[in-house]
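Read-outs throughout are calculated quantities, based only on the coordinates presented, and are distinct from any laboratory measurement. In this text the structure is predicted, and so the values were computed from the model without any measurement. Heads up, the Cβs are rebuilt from the backbone with ideal geometry, glycines too, and the neighbour counts pull from every protein chain shown.
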Amino acid sequence: MRPMNRRRGWATATAVVLAVAGGAALPASAAPACDVGYTTNDWGSGFTANITLTNLGDPITDWTLRFSFAGNQTITHGWSARWSQSGSDVTATNESWNGSLGAGGTAQIGFNAAYSGTNADPTSFSVNGVPCAAAQQPPTVSLNVPAGPFEAPADVPLTATASDPDGSISKVEFYRNGLLVNTDTTAPYAYTLPGLPAGSYTVQARAYDDTGLSAIAEHSFTVAPAAGPQLVATPATVGVPEGGSANVTLTLSAAPAANVPVRLGRTGDSDLTVAPTSLTLTAGNWNTGVDVTVSAAEDADTAGGSATITASAAGLAALTITATEIDNDVPGGDNEYIARFLTQYGKIKNSGYFSPEGVPYHSIETLIVEAPDHGHETTSEAFSFWLWLEAQYGRVTEDWVPFNNAWTVLENHIIPSSADQPTAGAPGTAQYAAEYDLPSQYPAQLQPGVPVGQDPLRAELQSTYGTGDI
């Protein structure tokens with residue numbers, strides 16, 4: 001997918017009469033202004049374009065949108081407008097049901113097109129003969145990842161540099177294999193991925209400016225399997241009752257050739273402490289380990305804080321332990337059930353239940369039957385359970401970042417966008433897409449020449465929600 005967003009403002013025209021479709025005219029006092037968003041989903045030899053037309057000025061009853069392609073793009077099918085093309089020039093005129101746009105009203109239209117070479121976006125638009133103003137420029141962003149090598153479990157620091165030529169940066173989001181892992185609103189923009197297991201990773205930094213435009217930078221790296229003994233914490237996530245303590249056992253994954261001095265540090269809630277702050281693992285205790293105690297101070301607040309305990313040793317990858325205070329100043333705050341929940345939460349979040357993109361699996365299938373269908377791998381039930389899990393974690397810890405991240409992943413992966421249903425806006429006309437044998441043949445392209453029936457829901461959706469999208 002090639003997400004592109006170009007926003008144009010309609011020029012103000014108070015001294016001219018604008019000709020509109022059907023011969024009607026806007027009075028000279030009309031002051032049209034609008035926003036045009038242009039996004040594409042590109043598959044190499046063709047693409048789907050979705051255009052959102054928002055009227056920010058006086059009400060209009062008809063509209064005609066014009067723009068020109070920069071290359072050899074050819075529209076093969078369009079929806080929610082009457083489309084025509086002459087050479088590189090494209091015209092889209094409203095349908096009978098979406099011509100009237102009040103102040104703040106929108107029309108969502110789109111098309112499929114074929115091309116070869118490059119697929120540059122149109123650089124200018126006009127509406128009802130009025131050229132659009134210059135576009136807002138998107139921000140720029142770069143992402144830096146150390147050269148490595150990385151050995152599991154690896155803490156990998158990410159740093160991003162972002163700027164905006166005609167505004168300011170509002171935030172930078174960091175993603176790991178498509179999963180939102182952190183949002184930073186203040187420069188310098190940075191986040192450290194903790195304890196990555198062996199595998200291949202793709203990370204992204206997405207910067208947003210003050211108008212909502214965004215840009216993405218991407219970097220890939222590999223974490224190699226551990227070559228020697230590694231630090232192990234049991235458990236790696238621990239709930240600590242306020243005024244009490246909990247034990248964590250530190251061991252090594254294999255016998256060391258010499259004694260391994262280990263240092264323990266803490267960041268986060270100062271009510272949570274760890275003791276001792278240093279220990280030694282040897283050839284005699286590497287598999288039985290050494291216990292460390294995490295304690296939570298008694299306080300009067302009603303917030304259960306959290307802390308990260310980092311165990312480090314020369315030549316070994318650092319190990320992080322998450323400790324969460326179980327507050328006893330709220331009803332039900334200090335009880336065995338919350339402690340058990342946090343233990344189970346830690347198991348689920350570190351058990352391989354989630355895909356590299358951060359999507360929860362319902363089941364993992366290895367056999368493809370009929371068309372390649374991954375629908376059974378994740379379902380609404382799996383996402384519902386995940387949201388419930390993070391909601392309960394937020395209720396106990398008052399840390400709502402995991403819940404917000406889960407909701408973002410849900411919106412990205414199981415709610416279809418307009419680009420995923422390009423013919424939903426066509427009045428009552430369904431489209432055919434064939435099934436194929438190989439995953440490489442997907443996504444299947446629409447075949448408008450194959451006769452199909454009428455869509456009985458489209459008119460009802462349009463009249464009720466203002467769009468034919470499902």
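Here residue 275 and residue 380 are evaluated by their C-beta separation; at R0 = 45 Å the FRET efficiency comes out at 0.50. For the range 140-224, a crude dipole built from +1 on the beta carbon of Lys and Arg and -1 on the beta carbon of Asp and Glu, taken about the Cα centre, is about 220 debye to the nearest 20. Taking amide H positions as modeled 1.01 Å from N, with prolines and chain starts lacking one, the residues under 5 Å from residue 182 and 5 or more places away or on another chain are 174. Between amide H atoms placed 1.01 Å from N, distances below 5 Å from residue 305 occur with 325, all of them 5 or more places distant or on a separate chain.
Using the Cβ of residue 207 as centre and a radius below 12 Å, the other residues enclosed give a net charge of -3, where K and R count +1 and D and E count -1.
Applied to the range 121-127, the Karplus parametrisation 6.51 cos²θ - 1.76 cosθ + 1.60 on θ = phi - 60° returns per-residue 3J(HN,Hα) values of 6, x, 9, 8, 10, 9, 10 Hz, with x for Gly and Pro.
I need the calculated FRET efficiency for the pair residue 312 and residue 222, taking r as the beta carbon distance and R₀ as 22 Å, to the nearest 0.05.
Once rounded, the FRET efficiency stands at 0.45.
Amide H contacts of residue 76: 112, 113, 114, each under 5 Å away and 5 or more positions distant or on a separate chain (H built 1.01 Å from N in the peptide plane; Pro and chain starts excluded). A simple rule links phi to the HN-Hα coupling: the Karplus curve 6.51 cos²θ - 1.76 cosθ + 1.60 with θ = phi - 60°, which for the range 110-119 gives x, 7, 9, 8, 10, 6, 9, x, 9, 10 Hz, with x for Gly and Pro.
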